Amino acid sequence: MVNHTEKTRPNSLEESTNILQKAPLGILTFDEEYRINFVNEIFSSFGIYYNFNHDNLTGQSILDSDIFPGLSLKEDLLDIQNGYSFEREYTRVETGSAVISLIIKCAPVFEEQNFQGGILVVEDLKILKGITETGILKTEHFEKIINRINDLLFITDDEGIVKFYYGKQVRKLNYEITNNFRINNIFSPSVRNDFDKYYELVKAKRHSEKFNIELVVEENKLIYECRIEPLLNKKGQIQFIFFFLEDITEIFQSDKNLTKQLNDIKQYQSIAESMAESLIAIDLEGKIILWNRASEILFGYSKNEVAGNFLEKH
């Protein structure tokens, strides 16, 4: 079951791009000629903090740009044309209680088996020394931000193949995300068609969409607000699609309960109005909250005249 909210449509490509600028991870994209066409603010912030090149990258060749001094990615970048993704560690800094690693991930994008470019993502991970042996990673800067902003974040190519995924609820999903995993497979068949409808609309119209949708997490049916944001290249074609999902189950349930209460009140009012006897109700302060038609006839006052007044006045 899908519960729809008002659609959000950016007024321009610039507005949609501004949303992606605030995505909680460093993002750089490039086209089929390896020309950089998008760099977000977090990527630049990482560049300042970890001392790698981040200025004036748009329009440059990522193959010729020495973005990460001392780390050559040229061969890895050329290999993605063959469908390979890669992950590299750029730097590692030891602190008193942890090791901070800057991780670079890159994945290709294809359209009908034709190479269309790629996306490079940068994240910093804080690995607590006490648990390094277990292989469990703990994130400080990156995960604190992303967990505060999004419960789930997926980045796909224009065919819906998941390239990256993040968020505090990823490990709780009922599906293992593997190579060539399609984003719609995280949803149960009963709501998948609804999701596909919005996804296809974003692809066709190249604007964002926001809606509510059900997602099963650890056998629990939860309600998420899903926002789909396309990232376009200079040709106006979709290069990547971002899916931001926020768990709104508690809010949704509260709204549902409130709606039920309002419907119950309306039903009681309808019954009261149909009664031949006078029916009056007051709140704890003694103010009139219900005054049916029979009361109007009996006492000669309309509902508007008595509403909110103390009963003894009448």
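Quick check, is Val109 modelled with pLDDT of 75 or more and within 30 Å of Pro189 (Cα to Cα)? Here the answer is yes, as Val109 does meet what is asked. In summary, Asn180 fulfils each of the numbered conditions (1) modelled with pLDDT of 85 or more; (2) surrounded by fewer than 18 Cβ atoms within 10 Å (Cβ to Cβ); (3) closer than 24 Å to Pro108 by Cα with the single exception of condition (1). Taking each residue of segment 190-205 that is assigned to a helix (DSSP H, G or I) and looking for partners that are among the small types (Gly, Ala, Ser) and surrounded by 15 or more Cβ atoms within 10 Å (Cβ to Cβ) with beta-carbon atoms closer than 6 Å, six or more apart or interchain, yields nothing. Taking segment 40-81 only, how many residues are closer than 18 Å to Lys105 by Cβ, among the β-branched types (Val, Ile, Thr) and modelled with pLDDT of 90 or more? Residues flagged as closer than 18 Å to Lys105 by Cβ, among the β-branched types (Val, Ile, Thr) and modelled with pLDDT of 90 or more within segment 40-81 amount to 3. When Pro69 is tested against (1) loosely packed, with under 14 Cβ neighbours inside 10 Å; (2) assigned to a helix (DSSP H, G or I), just one condition goes unmet, and that condition is (2). Restricting attention to segment 41-66, the residues being in a loop (DSSP other than H, G, I, E, B), under 23 Å from Asn233 (Cβ atoms) and of a type outside the set (A, V, I, L, M, F, W, C) number 9. Given the criteria outside the structural domain of Val202 (by TED's automatic domain parsing), outside any loop (DSSP other than H, G, I, E, B), modelled with pLDDT of 75 or more and of a type in the set (Val, Ile, Thr), does Ile288 qualify? Here the answer is yes, as Ile288 does meet what is asked. Among the residues making up segment 217-232, those that are of a type outside the set (Ser, Thr, Tyr) and surrounded by 15 or more Cβ atoms within 10 Å (Cβ to Cβ) are Val217, Leu222, Ile223, Glu225, Cys226, Arg227, Ile228, Glu229, Pro230, Leu231, Leu232. Each residue in segment 206-221 was checked for being more than 17 Å from Tyr165 (Cβ to Cβ), in contact (Cβ under 8 Å) with a residue 24 or more places away in the chain and not charged (D, E, K, R), and 4 pass.
One line per residue, one yes/no per condition, for (1) touching a Phe, Trp or Tyr at 6+ places or on another chain (Cβ under 8 Å); (2) among the small types (Gly, Ala, Ser); (3) assigned by TED's automatic domain parsing to the domain that holds Phe110:
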{"position": "Glu33", "(1), (2), (3)": "no, no, yes"}
{"position": "Ser44", "(1), (2), (3)": "no, yes, yes"}
{"position": "Tyr50", "(1), (2), (3)": "yes, no, yes"}
{"position": "Asp55", "(1), (2), (3)": "no, no, yes"}
{"position": "Thr58", "(1), (2), (3)": "yes, no, yes"}
{"position": "Ile62", "(1), (2), (3)": "yes, no, yes"}
{"position": "Ser65", "(1), (2), (3)": "no, yes, yes"}
{"position": "Gly70", "(1), (2), (3)": "no, yes, yes"}
{"position": "Lys74", "(1), (2), (3)": "no, no, yes"}
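Could you say whether any residue in segment 204-216 is out of contact with any strand residue (DSSP E or B) (no Cβ under 7 Å at 6 or more places or on another chain), surrounded by 15 or more Cβ atoms within 10 Å (Cβ to Cβ) and in the same structural domain as Cys106 (by TED's automatic domain parsing)? Within segment 204-216, one or more residues are out of contact with any strand residue (DSSP E or B) (no Cβ under 7 Å at 6 or more places or on another chain), surrounded by 15 or more Cβ atoms within 10 Å (Cβ to Cβ) and in the same structural domain as Cys106 (by TED's automatic domain parsing).
Candidates in segment 82-94 are the residues that are of a type outside the set (Phe, Trp, Tyr) and not in a loop (DSSP other than H, G, I, E, B); of these, the one that is nearest to Ala107 (Cα to Cα) is Glu87. Residue selection: Phe30 satisfies the criterion of being in contact with a Gly (Cβ under 6 Å, 6 or more places away or on another chain), modelled with pLDDT of 90 or more and not in a loop (DSSP other than H, G, I, E, B). Set side by side, the residues Lys235, Lys266, Lys260, Lys303 differ, and just one is among the basic types (Lys, Arg) and either surrounded by 12 or more Cβ atoms within 10 Å (Cβ to Cβ) or at pLDDT 85 or above (or both), which is Lys303.
The values are calculated or read from the model by the stated rules, or taken from the named source; none is laboratory data. It should be emphasised that the depicted structure is a prediction, and the values quoted were computed from it without experimental measurement. Note that each Cβ is placed from the backbone with ideal geometry, even for glycine, and that neighbours are counted across all protein chains shown.
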